[in-house]
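Derivation of every value follows stated rules applied to the coordinates shown; laboratory data play no part. Source: prediction; values computed, not measured. Quick reminder, even Gly has a Cβ in these numbers, built from the backbone with ideal geometry, and neighbours come from all protein chains shown.
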Amino acid sequence: MNATILPTSEKHYPVLLKEILSIISPQNGGTFIDCTFGQGGYSKEILKFNNTKVIAIDRDPDCKGIADKFKQQYAKQFVFLNKKFSEVDKIVNDKSKIKAVILDLGYSYAQIKDPKKGLSFENTGQLNMRLGLNNFSADDVVNKLSQKDLELIFKYFGEEKDSKIISKRIVDQRIKSNLNTQKLVYIINSVKKKSGRIHNATKIFQALRIFVNKEISELVYGLINSAKILDVNGILLVVSFHSLEDKIVKYFFKSLSEDKKISRYYPEEKNLNKLFNLKLKKPIYPTPKEIKINKSSRSAKLRYAIKINNKINFESDILKKFSKLLEIENLSKKL
Ligand SMILES: C[S@@+](CC[C@H](N)C(=O)[O-])C[C@H]1O[C@@H](n2cnc3c(N)ncnc32)[C@H](O)[C@@H]1O
């Protein structure tokens with residue numbers, strides 16, 4: 001998930017940058033929304049063309065330092081907001097002029113390596129995982145939610161097959177003292193014994209990060225509200241890093257770009273009210289050259305679609321499709 005930076009050199013590499021620029025054509029000008037500003041990898045390249053404007057969003061207040069520098073250099077072209085991208089529709093005033101919205105999901109290398117954020121199982125100390133603008137932390141989740149709730153979170157958000165036994169051990173162990181990162185990793189290792197190709201704790205930590213940052217509703221509403229603010233012919237682009245994210249993005253684009261039969265009596269009648277034109281059914285992957293330079297880009301997938309009409313009520317199907325995941329996210333109301 002920390003896929004935009006090369007871990008060994010700590011140099012920042014915006015994932016699939018060349019491909020994204022060739023799709024959005026910033027040289028032709030326009031207003032672009034960078035929903036996941038991070039270190040500004042995409043914004044920087046767009047701003048080089050002085051006929052562009054960039055509205056950048058990031059939930060992490062630590063991005064403000066880099067954003068301030070961008071503001072100094074591109075005062076008239078750039079604005080940064082410390083907000084969540086699920087609220088993108090509330091941020092943009094002139095909704096009819098947005099040429100492209102980009103979401104580069106996940107975390108930056110800087111965030112993973114920041115011990116205060118406690119995102120990694122390699123960290124020591126208290127569990128946290130808040131990226132910014134959160135209501136609760138991983139410490140609350142692990143130390144307060146019931147065994148059943150933890151099991152659901154690990155099963156659905158981490159696809160962890162040992163969810164049940166890990167949740168039981170957590171609840172048994174936390175009676176003695178609150179669990180921190182090391183104790184949680186110890187419990188997971190004690191259940192899973194041997195480490196395979198990926199670290200034993202990867203799936204449980206992924207599940208906790210998704211839950212703490214409400215990544216399912218962020219993505220679902222981020223997609224819906226981004227689609228609403230795009231101009232006709234505007235482009236929505238999403239870079240995802242794990243299968244759960246990609247499943248949501250793929251379904252969203254596919255279901256809103258398909259010809260649906262509108263009547264069983266007239267099967268040849270097509271739904272002409274599609275929201276998107278999907279140019280490619282398959283995602284775009286980083287080239288071997290990019291993966292060689294930035295190893296962690298290897299799990300990235302880019303999907304994009306072009307908005308073709310101003311249909312406004314299109315969200316009920318996607319909300320229904322992912323209702324189980326949204327329901328599990330709502331377990332946080334108990335905290
Ligand atoms: C992979 S990094 C983006 C890197 C960026 N494209 C670049 O080239 O510098 C993902 C960023 O998205 C931010 N983010 C994640 N979820 C978010 C959300 N729901 N709303 C706003 N920002 C979010 C993270 O804080 C992080 O900075």
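For the chain, set up a Gaussian network in which alpha carbons nearer than 10 Å are linked by springs, and say which option among Arg303, Arg130, Arg197 fluctuates the most. Maximum fluctuation in the GNM of the chain, among the listed residues, is at Arg197. Dipole magnitude for the chain: about 580 debye, using +1 per Lys or Arg Cβ and -1 per Asp or Glu Cβ, origin at the Cα centre. Computed from the C-beta positions of Asn310 and Lys281 and an R0 of 30 Å, the FRET efficiency is 0.80 to the nearest 0.05. If you plug the beta carbon distance of Lys334 and Asn233 into 1/(1 + (r/R0)^6) with R0 = 35 Å, you get a FRET efficiency near 0.20.
Cβ crowding within 10 Å ranks Lys307, Lys279 as Lys279, Lys307, fewest other Cβ atoms first. Considering only Lys274, Lys295, Lys193, the Gaussian network model of the chain with Cα springs below 10 Å gives its largest mean-square fluctuation to Lys193.
Ranked by how many other Cβ atoms sit within 10 Å of their own Cβ, fewest first, the residues Glu87, Glu327 fall in the order Glu327, Glu87. Subtracting the Cα-Cα distance of Asp62 and Asn28 from 0.36 nm times their residue separation leaves 9.1 nm of extension gain. The chymotrypsin sites (Phe, Trp or Tyr not before Pro) of the range 20-52 that meet both conditions, a loop assignment by DSSP and at most 15 other Cβ atoms within 10 Å of the site Cβ, are Phe49.
Label separation (Gln182 vs Asn135): 3.3 nm, computed from points 7 Å beyond Cα along the C-beta direction. Comparing Tyr251, Tyr13, Tyr109 in a Gaussian network model of the chain (Cα springs below 10 Å), the most mobile by mean-square fluctuation is Tyr251. Find the centroid of the Cα atoms in the range 50-127 and in the range 218-258, then give the distance between the two in whole Å. The distance from the Cα centre of the range 50-127 to that of the range 218-258 comes to 18 Å. Using 0.36 nm per residue and subtracting the Cα-Cα separation, the extra length available between Phe49 and Ser243 on full extension is 66.4 nm. Straightening the chain between Ile291 and Ile175 buys 37.3 nm, computed as 0.36 nm per residue apart minus the Cα-Cα spacing. Counting only Cβ charges, +1 for Lys and Arg and -1 for Asp and Glu, the dipole size of the range 189-335 around its Cα centre is about 780 debye.
As a proxy for reagent exposure, ranking Cys35, Cys63 by other Cβ atoms within 10 Å from fewest up yields Cys63, Cys35.
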